[in-house]
Amino acid sequence: MPYKNNVDRRAYSRRRKWRRKQEALTRYSISPFPICAYCGETDLKVLQLDHIDGGGNQHRKSLKKGKYGGWSFYMLLESQGYPEGYQVLCANCNIRKEYKTRGLYAGEI
């Protein structure tokens with residue numbers, strides 16, 4: 001697409017990346033729209049994908065270094081047909097889950 005200037009091109013790119021994130025989160029959500037599986041948060045700015053059985057760090061390391069982070073990870077999932085094993089969590093619930101896994105959090109998630 002031809003753009004009149006770099007501002008238009010960057011704006012288009014941001015919208016496309018945002019739509020890709022929204023699509024991936026919708027696919028893995030427990031409802032027809034992106035929502036945290038634990039607390040019900042719906043703000044897209046704080047929603048994240050979580051590996052249900054853990055292992056996210058090892059999974060990132062197994063991918064090509066630096067190639068699949070952020071929105072490009074959503075592209076990878078799309079190209080793989082949105083494989084199972086992920087859930088949508090807000091940032092707070094995601095870190096609580098990690099702390100609980102490490103034995104650093106005793107409360108309810």
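If you check Tyr12, Tyr68, Tyr105, which single one turns out to be surrounded by 12 or more Cβ atoms within 10 Å (Cβ to Cβ), assigned to a helix (DSSP H, G or I) and at pLDDT below 90? Just a single option satisfies the conditions, and that option is Tyr12. The test for being among the aliphatic types (A, V, I, L, M), part of a loop (DSSP other than H, G, I, E, B) and either modelled with pLDDT of 85 or more or under 30 Å from Glu108 (Cα atoms) (or both) holds for Leu44.
The values are calculated or read from the model by the stated rules, or taken from the named source; none is laboratory data. Bear in mind that the values here come from a model prediction, so they are computed numbers and not experimental data. Every residue, glycine among them, receives a Cβ derived from its backbone with ideal geometry; neighbour counts consider all protein chains shown.
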